[in-house]
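These notes are about the structure you will find just below.
The values are calculated or read from the model by the stated rules, or taken from the named source; none is laboratory data. The model shown is predicted, which means the values in this text are computed figures rather than measured ones. Cβ placement follows ideal geometry from the backbone for every residue including glycine, while neighbour counts extend to all protein chains displayed.
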Amino acid sequence: MTPLRAFLASLRPRQWTKNLLLFAGVIFAQKLGHPACVTRAVLGAAVFCFASGVIYVFNDIIDRELDRRHPHKKLRPIASGRLPIDYAVKAGVVLLVLVLTAAALLGWAFLCGVGVFFVWNWLYTRVFKRVRVLDVTSIGMSFVIRATSGVLVLLPACSDVSISIWLLLCTFFLSLFLGFCKRRDELMKLVPGAGETRPALRGYSEPMLNALIGGSFALTAMAYALYTVWPDTVRHFGTRDLVYTLPFVLLGMGRYLYLVFLEDRGGRPHEILLVDKMLQVIVLGWIITAVRIIGPGQ
């Protein structure tokens, strides 16, 4: 594998599904019928894909020794030695400059969102990821930044857009749910005597993670249910029917719990969405139902 191909692999394109969250702004602002807004949402998501790729590269450089002790992470280009450190640093800096330039072209507000995303993830890499609970909480905030940036990128073309605080809460709680499921999977698959692969795991136990998973599940369901019937939501969309999307949310999280607890597949949430047909059907059902209820707008 050439250094360029190894670098592209280090950007982890299979994890770019996380940035689909940037489309929440254009969907819930009812701007799917507005070509300029849809185009900006697509471009914003693309920028965040490469922005997250830059973060992955520098995170892999810092954690390369820990990754070499992990059964899966040891195969990453940097940890395995297929991608030289100096090449990764130089290519990462070039991509960082390109990402910031593209973000600036999409507007200063969006550039600020991308900048906050970089700073927050730097703090995660250097500080937050080493502290139990705070590690997953900081990941949740990273997704909130994504959701907020999905609105900021629309502002130059659609000045009337906004995002509900309820949707930000749902984003945060759902990311906590997925994050604690991932930590549980890592803890359960930790091989005694194999060495430390994630410092924060020392502070977790299976009962503790089970409780955190249950709590975050309940908070996500409650927040989304309240969002669908909240007076401001009903007034904004002109309908109470958004509550009919709630079963899809419960089914999706329930399916994921099944995969985590009964099939031991909680370690890679981003890949589960790519390979689990039932989860794909549930997500597609939610999208179709939500768009039909709230409408694409004009």
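Numerical summary
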| item | result |
| --- | --- |
| Tally, over the stretch 159-170, of residues that are of a type in the set (D, E, K, R) and assigned to a helix (DSSP H, G or I) | 0 |
| Test for F173: is it in a helix (DSSP H, G or I), out of contact with any Cys (no Cβ under 9 Å at 6 or more places or on another chain) and within 29 Å of I272 (Cβ to Cβ) | yes |
| Residue in the stretch 12-22 that is of a type outside the set (K, R), under 30 Å from F110 (Cα atoms) and more than 20 Å from the chain's Cα centre (by Cα) present | no |
| Subset tally (residues that are touching a residue at least 24 places away in the same chain (Cβ under 8 Å) and not hydrophobic (A, V, I, L, M, F, W, C)) for the stretch 211-235 | 6 |
| Which numbered condition I282 misses (of (1) within 19 Å of the chain's Cα centre (by Cα); (2) modelled with pLDDT under 90) | (2) |
| Only one of I288, I272, I293 that is assigned by TED's automatic domain parsing to the domain that holds E186 and either surrounded by fewer than 14 Cβ atoms within 10 Å (Cβ to Cβ) or not in a helix (DSSP H, G or I) (or both) | I288 |
| From the options A109, A102, residue that is farther than 29 Å from I78 by Cα and outside the structural domain of F217 (by TED's automatic domain parsing) | A109 |
| Qualifying residue in the stretch 228-246 (condition: under 23 Å from C37 (Cβ atoms), out of contact with any helix residue (DSSP H, G or I) (no Cβ under 8 Å at 6 or more places or on another chain) and buried (at least 16 other Cβ atoms within 10 Å of the Cβ)) | yes |
| Wholly enclosed helices (runs of 4 or more DSSP H) of the stretch 39-115 bearing at least 1 residues exposed (fewer than 14 other Cβ atoms within 10 Å of the Cβ) | 64-67, 85-105 |
| Filter pass, C170 being touching a residue at least 60 places away in the same chain (Cβ under 8 Å), within 18 Å of Y256 (Cα to Cα) and either surrounded by 20 or more Cβ atoms within 10 Å (Cβ to Cβ) or of a type in the set (S, T, Y) (or both) | no |
| When residues of the stretch 119-158 are limited to those that are assigned to a loop (DSSP other than H, G, I, E, B) and touching a residue at least 60 places away in the same chain (Cβ under 8 Å), the one nearest to W16 (Cα to Cα) | V153 |
| Among residues of the stretch 8-19, those that are farther than 19 Å from G115 by Cα and surrounded by fewer than 23 Cβ atoms within 10 Å (Cβ to Cβ), counted | 7 |
| Residue count for the stretch 247-267, restricted to those that are free of Cβ contacts under 8 Å to residues at least 24 places away in the same chain and not hydroxyl-bearing (S, T, Y) | 6 |
| Output for the stretch 1-33, where each listed residue is more than 14 Å from G150 (Cα to Cα), among the charged types (D, E, K, R) and in a helix (DSSP H, G or I) | R5, R14 |
| Residues being aromatic (F, W, Y) and closer than 18 Å to R64 by Cα - total across the stretch 105-130 | 3 |
| Single match in P247, P207 (criterion: more than 29 Å from D63 (Cβ to Cβ), modelled with pLDDT of 90 or more and over 19 Å from the mean Cα position of the chain (by Cα)) | P247 |
